[in-house]
Amino acid sequence: MALRGKVAIITGASSGIGAGIAVAFAKEGANLSLTGRKQKNLEEVVKDCKKAGCQDVLTNVGDITQDAFRRTLVDTTKKKFGKIDILIPKDGLYTMSKAALDIFTRYLAHELVSHGVRVNSINPGYVPSQLGSEVMTDELQQSLINATPIGRAATPEEVGHIVVFLASDKAAFVTGECFKADGGLSMTTPALA
Ligand SMILES: NC(=O)c1ccc[n+]([C@@H]2O[C@H](COP(=O)([O-])OP(=O)(O)OC[C@H]3O[C@@H](n4cnc5c(N)ncnc54)[C@H](OP(=O)(O)O)[C@@H]3O)[C@@H](O)[C@H]2O)c1
């Protein structure tokens, strides 16, 4: 198990990619601190994590834009698990262009490397999710799939597997990397990737 004994905070874990990452982390033995705003959705994800083998999951329901909530998240996680090894901010608040994400990732990695902190990001292709169906028509979603050389959308858990690798000690020499997991979309349609 690549993450046995590691403590991970995953924000935006109540649906979509964040939920997939949570399940992938559960399978790899991580202790989980999950957040989202919709309690019912978060409870469903906790059930999936338990099925995947993670018995003890901490949840905090709230708005991550609020300072007090972020403080609570950190404090309750440290109180329960004694440390924080991994932070996965996946709540849709970090939406930015590929170029901006690249620069932000490298900047943060450079700032934190002397503290023993690695910073990497993922640039996923199309992953069907609540957000996608809210902001894109069915036709647009299908056109993204058609433009993806692998010929299908990714599952949230497939993105989770890559996050597991980057967060694990197997990637101990990787920092400042913006990892593409887009089924080849950027090869055929750079403007969409
Ligand atoms: N899906 C894709 O194809 C795709 C591709 C590339 C990049 N991305 C990026 O990946 C991110 C997540 O996308 P997704 O498709 O997984 O979306 P999603 O299914 O809508 O999930 C978004 C998550 O963020 C949480 N969230 C949003 N605002 C929050 C807030 N203020 N406080 C606390 N939690 C908040 C939501 O919680 P509640 O639902 O509980 O409110 C939910 O758990 C977005 O930044 C998106 O741009 C997605």
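Values quoted throughout were computed directly from the atomic coordinates according to the rules given, and no laboratory measurement underlies them. These numbers come from a predicted model, not from an experiment. As a convention, Cβ positions derive from the backbone with ideal geometry for all residues, glycine included, and neighbour counts pool all protein chains shown.
Given 0.36 nm per residue, what is the gain on full extension from Ala191 to Gln141 after removing their alpha carbon distance, in nm? Could the numbers behind the result be given before it?
Working: separation 50, 0.36 × 50 = 18.00 nm, distance 1.54 nm.
Length difference between fully extended and current span is 16.5 nm.
Could you work out the mean projected area of the convex hull around the alpha carbons of segment 1-112, in square nanometres to one decimal? All intermediate terms of the calculation are to be shown ahead of the outcome.
Working: hull surface 28.6 nm².
Average of the hull's projected areas for segment 1-112 equals 7.2 nm².
In straight Cα distance, which lysines are under 28 Å from Lys80, not counting same-chain residues fewer than 8 positions off?
Lys6, Lys27, Lys38, Lys40, Lys47, Lys50, Lys51, Lys90, Lys170
Volume per residue, Å³, of the convex hull around the alpha-carbon atoms of the chain?
124
Of the peptides 15-23, 97-105, 182-190, 117-125, how do they stack up when ordered by the mean number of other Cβ atoms within 10 Å, highest first? Walk me through the numbers on the way to the answer.
Details: 15-23: 25.8, 97-105: 13.8, 182-190: 17.2, 117-125: 19.2.
Put in order of decreasing packing, that is 15-23, 117-125, 182-190, 97-105.
Please list 3J(HN,Hα) in residue order for segment 127-138, calculated via the Karplus relation 6.51 cos²θ - 1.76 cosθ + 1.60 where θ = phi - 60°; whole Hz, with x for glycine and proline.
10, x, 7, 4, 4, x, 6, 7, 9, 10, 6, 4
Skipping prolines and chain starts, which residues have an amide H placed within reach, meaning under 5 Å, of the one on Glu177, given they are 5 or more residues away or on another chain?
Residues meeting the amide H criterion: Ser121.
What ranking, highest mean first, results for peptides 67-75, 159-167 when packing means the other Cβ atoms within 10 Å averaged over each residue?
Numbers: 67-75: 13.3, 159-167: 21.4.
Answer by packing, highest mean first, reads 159-167, 67-75.
For the chain, what does the helix formula give at 222 nm: sum of -39500 (n - 2.57) over DSSP H segments with n ≥ 4, over the residue count, nearest 500 deg cm²/dmol?
Numbers: 8 runs with 86 residues, N = 193.
That comes out to -13500 deg cm²/dmol.
Net charge near Ala191: determine it from the other residues with C-beta under 15 Å of the C-beta of Ala191, scoring Lys and Arg +1 and Asp and Glu -1.
Numbers: positive: Lys98, Lys180; negative: Asp182.
Combined, the nearby Lys, Arg, Asp and Glu give +1.
Just to check I understand the Karplus step: with θ = phi - 60° and J = 6.51 cos²θ - 1.76 cosθ + 1.60, what whole-Hz values come out for segment 167-174, glycine and proline as x?
Running phi through 6.51 cos²θ - 1.76 cosθ + 1.60 with θ = phi - 60° gives 7, 8, 5, 5, 9, 4, 9, 10 Hz.
Run the quick spin-label model on Asn123 and Arg4: label points 7 Å from Cα toward the beta carbon, then report their separation in nm to one decimal.
Each label point lies 7 Å from its Cα, and together they span 3.6 nm.
In segment 129-191, what trypsin sites (Lys or Arg not before Pro) fall in a loop by DSSP, with at most 11 other Cβ atoms inside 10 Å? Mind showing how you got there, number by number?
Details: sites: Arg152, Lys170, Lys180; in loops: Arg152.
Passing sites in segment 129-191 are Arg152.
Applying the Karplus parametrisation 6.51 cos²θ - 1.76 cosθ + 1.60 with θ = phi - 60° to the phi angles of segment 6-16, what ³J(HN,Hα) value in whole Hz is obtained for each residue in order, glycine and proline being reported as x?
Each residue of segment 6-16 in turn: 7, 10, 10, 8, 10, 8, x, 8, 7, 6, x Hz.
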